[in-house]
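Participant: Below are the structure tokens for one structure; questions will follow.
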Amino acid sequence: MFKENRLIFLGDPEGGPGDTKTKLDSQKAPEALNPYEYDAEFQNIKAKRIVERMPKEIQKILDNSDTTSLKTAKLRKIQNYLSEYARTKQNLTYTGTEKEKREIQITLSQIAQLAARIDIQISNLKTPKPIESRESNTDLGLTPQEERMLARYKFWNYEKASAVVKARTWPHRFEDHEIMLRHLMNDNEKTTKATSNLRNIFFPSGTEKPYFIDIGPAIGGVSHGSKPAQTLQEMAEGFPNMECYALDLPEQYDILSGKTPKSKVGYEINPKNREEMLRRRNMHFISGDGLKSIQDQIADTNTNPYPGREKTPGIPKGAPIFIRAVNSIDICCDWNDKDGDTGVRTALLRMASDFKDSPVMLFFNEQILVKARGSTNWTIIGHVSPAGFDHRNATHNRQGQSPYTLDAKKVDKAVSENTPKTHPTLDREVSR
């Protein structure tokens, strides 16, 4: 049934933290000897065993009576194994049906998310943290450890994925973002002190107009019964006074417009759904690249507005900005510049520089980053729940967590860097 060497399967129980090195060695050796193709169904069986068993192993480590340092060491060992497993397997060439090939990639994405989530679990361990001097921070304002955590989210090869997987989403996938913004914008909401402090950064007068930029919103997506840019449409509908920008790759806009035929990608956008989205006056459409200057791309009339739409509005100086980079550049792009290509790190530096006069919140995978008004330093202030990050099932399972969790001390740090608003009004576009 399977074409692969069964030594990998028979000798590999997959998932126990005690024999990580043995498992890694046993998996690498057969693959190094066989440079050909691998059966997607067989590999998926093995990968699914990791997804099913590893969370239990991780929880055992968290629940036992070991010292914090020993728990951390065990968790790091598992994390390294999971990251290496996902990276190695993702780069293989698979045989089987298109569905089987998609299934293995989805399972590998779950493994990569497990690895990335371990950073949060380690940070939640009750342990005294050494005081880090400002000099230890990088030019992003983050610690080297925080940068490594963000870099670990990258696991996916966009070019190898099918058209359906490239633009996959589902209704209410990122509802947690909407909940957080609702708490920030409505001072009648009963919230924590940390949330109130954030409100003072973003909406000090309570009259500021917000701007939301979604990088890679699946503008050409139809999976799981979704519409084009499903989650951004939900954001635009929930916040009618907020300008929402859909920044997606040109190939995704070609699918949206019908320029790319159904015969090439296997599906097409329902014209009714497309026109319904284009009628949303607070949505704006930018064909571009999330790694390039967002400010420049908004102003570039060569790539926007979308045919039949009015000029894309600029973002006023000092206005509160929210950026979402979730399941886009966070998982597809290298952290550092590589072979002449811009990395995510450089993109974040540019965001902070372009919007220095504005308070900016960045949803980056599960993490929440904030840049205060007048600052170019990012601070990781918390995270959203795991809901929406299950790449296999179109579910919204928070796994018992709150929609979002804030670190009060990190919020205070961001507040301390904030420059009070000096602009009397924020309804004037930036002159360029």
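Participant: Name the residues in the range 329-351 that are in a helix (DSSP H, G or I) and either among the β-branched types (Val, Ile, Thr) or under 21 Å from Pro217 (Cβ atoms) (or both), would you?
Facilitator: Ile329, Asp330, Ile331, Cys332, Val344, Thr346, Ala347, Leu348, Arg350, Met351, listed by residue number.
Participant: Right, next: Could you pull out every one of the helices (runs of 4 or more DSSP H) wholly within the range 180-285 that has 1 or more residues that are within 29 Å of Ile380 (Cβ to Cβ) and of a type in the set (Lys, Arg)?
Facilitator: Values: elements: 193-202, 230-238, 250-257, 262-265, 271-278.
Fully inside the range 180-285 and qualifying: 193-202.
Participant: Is there any pair linking a residue in the range 254-278 that is among the small types (Gly, Ala, Ser) to one that is outside any loop (DSSP other than H, G, I, E, B) and modelled with pLDDT under 90, with Cβ under 7 Å and at least six apart or on different chains, and which?
Facilitator: Listed pairs, sorted by first residue: Gly266/Ala163; Gly266/Val164.
Participant: Provide a single number: the residues in the range 352-372 that are at pLDDT 95 or above and either part of a helix (DSSP H, G or I) or on the phi > 0 side of the Ramachandran plot (or both).
Facilitator: Of the residues in that region, 3 qualify.
Participant: Hey, among Ala194, Ala246, which residue is touching a residue at least 40 places away in the same chain (Cβ under 8 Å), touching a Leu at 6+ places or on another chain (Cβ under 8 Å) and within 19 Å of Met351 (Cβ to Cβ)?
Facilitator: Every option except Ala246 fails the conditions.
The values are calculated or read from the model by the stated rules, or taken from the named source; none is laboratory data. These figures come from a predicted structure and were not determined experimentally. Using ideal geometry, Cβ is built from the backbone for each residue, glycine included, and neighbour counts are taken over all protein chains shown.
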